[in-house]
Amino acid sequence: TIIALLKRLVNDPNKKVRKGSLNLLFIDVDRDRKRKEFLPLLIPLLEDRSARVRARAAWNLCNFAEDVPLAVASRALAIEKHDKARAKLSDLVLKILEAQAGTSQKAN
């Protein structure tokens, strides 16, 4: 039922509801479940029509940087025109790069 609710929230016409959907990342649910079930629904908010939603998505997804595709975050950053959202997306892209560098160092 959480996933059904999340699907409705991220597609709601009200930007406050879509922005609020990102708070589900903070509920007491196994992190692996969040990665597999929540993130695929929330990552598209990086290109939401509202700059506030995009900024909040980037900020909240920083905690899951290792699971956010670099290509998706980079594209969102490249097309972003709003200063605050651009700054948050930049932080996210940096965290993704750091997470990937940490993963590759562990492999070596």
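The values are calculated or read from the model by the stated rules, or taken from the named source; none is laboratory data. Everything numeric in this text was worked out from a predicted model, so none of it was measured. Please note: Cβ atoms are built from the backbone with ideal geometry, for glycine as well, and neighbour counts cover all protein chains shown. With ligands, DNA and RNA removed, areas are computed over all heavy atoms of the protein, side chains included. Shrake-Rupley method; radii C 1.70, N 1.55, O 1.52, S 1.80 Å.
Would you mind working out the accessible area per residue for the stretch 1-98, using a 1.4 Å probe, and quoting it in Å²? On a per-residue basis, the stretch 1-98 sits at 58 Å².
The largest-to-smallest principal axis extents of the Cα set in the chain are 45, 34, 17 Å.
With charges set only on the Cβ (+1 for Lys and Arg, -1 for Asp and Glu), what does the dipole of the stretch 6-47 come to about its Cα centre, in debye to the nearest 20? Provide the component values of the computation, followed by the final result.
On the way: 11 positive and 6 negative charges, 24 e Å.
Charge dipole of the stretch 6-47: 120 debye, to the nearest 20.
Applying 1/(1 + (r/R0)^6) with r as the Cβ-Cβ distance of Thr1 and Arg31 and R0 = 25 angstrom yields a FRET efficiency of 0.80. In this simple spin-label approximation, Asp91 and Arg49 carry label points 7 Å from Cα along the Cα→Cβ vector, and these lie 2.7 nm apart. Roughly how many percent of the accessible protein surface of the chain is carbon and sulfur, given a 1.4 Å probe and a whole-percent answer? C and S fraction of accessible area: 52 percent. By the helix-only formula, in which each DSSP H run with n ≥ 4 contributes -39500 (n - 2.57) and the sum is divided by residues, the chain has a 222 nm mean residue ellipticity of -18500 deg cm²/dmol. Using every pair of distinct Cα positions in the stretch 56-103, the Kirkwood expression returns a hydrodynamic radius of 10.3 angstrom.
In vacuum, with every alpha carbon of the stretch 24-76 counted as one equal point scatterer, what does the Debye formula give for log10 I(q)/I(0) at q = 0.21, 0.28 Å⁻¹? Two decimals, please. Listed by q, the Debye log ratios stand at -0.72, -1.20.
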